[in-house]
Amino acid sequence: MIKEMLAYLYKLWYSLFRKFFIKEGGNMSKINYKMEELANDILVKNDAFKLPVDLISIANNNDIDVYKQKLPDGISGAIRYNKDINRFQILLEKDESLTRQRFTLAHELAHFFLEREKLLMQEEVHFDTKFRRYHNDEENEADYLAGALLMDKKMLSILYRINSSISVLAKTFNVSESSMTVRLMILGLIK
Ligand SMILES: [Zn+2]
């Protein structure tokens with residue numbers, strides 16, 4: 001009897017603990033349906049439902065030029081609207097790992113799709129640093145959309161059922177294992 005009571009109390013405590021600490025601490029396990037829908041839309045409109053997703057062709061389809069070059073210390077990527085030639089330009093740090101460059105490209109594309117008008121108005125360059133310590137909504141949304149573009153919810157959910165190995169999935173989607181882990185957590189496929 002006491003044992004059962006204790007088990008019950010433990011369960012109760014654990015569920016409260018999860019509710020207040022684990023859920024609260026993690027925006028990780030939350031699916032942003034608006035962003036998922038937008039990512040899906042972008043992939044459909046750009047005929048990009050092939051793995052790994054071809055970000056360069058999405059950029060080209062939208063008249064965005066992508067350059068890989070040496071950027072100032074600590075900068076991973078940048079996006080700007082160049083008024084003189086009427087085109088958007090994305091810069092990527094050429095010495096970072098290819099999966100990192102790919103995520104940065106997805107992040108800059110996300111800025112384009114989310115804030116095109118704002119970028120058009122302001123002529124300044126938007127820089128993204130290597131260790132993003134920011135906690136602002138625009139950057140978090142750009143990161144979310146980047147993950148959703150690279151690892152489409154439906155495609156990933158189907159492939160996860162076939163093979164749940166993070167390293168295999170990361171290779172299939174051409175992303176880093178840490179990006180894959182975060183995405184699987186967001187989608188609630190792993191805890
Ligand atoms: Zn950014």
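What follows draws every value from the coordinates through simple rules; no lab data is involved. Since the model is a prediction, treat every value here as computed from it, not as a measurement. A quick note on method: Cβ atoms are made from the backbone with ideal geometry, for glycine too, and the neighbour counts reach across all protein chains shown.
Checking the Cα-Cα distances for Lys45/Lys153; Lys50/Lys171; Lys50/Lys94 against a 22 Å cut-off, the pairs over it are Lys50/Lys94. Ellipsoid fit via the Cα gyration tensor, the stretch 29-186: semi-axes of 25, 17, 15 Å, each the root of five times an eigenvalue, largest first.
When each of Val175, Val125, Val66 is scored by the number of other beta-carbon atoms lying within 10 Å, the sequence from fewest to most is Val125, Val66, Val175.
Remark: Phe131, Phe49 ranked as Phe131, Phe49, counting other beta-carbon atoms within 10 Å and listing the fewest first. Computed from the alpha carbon atoms alone, the convex hull of the stretch 98-189 holds 99 Å³ per residue.
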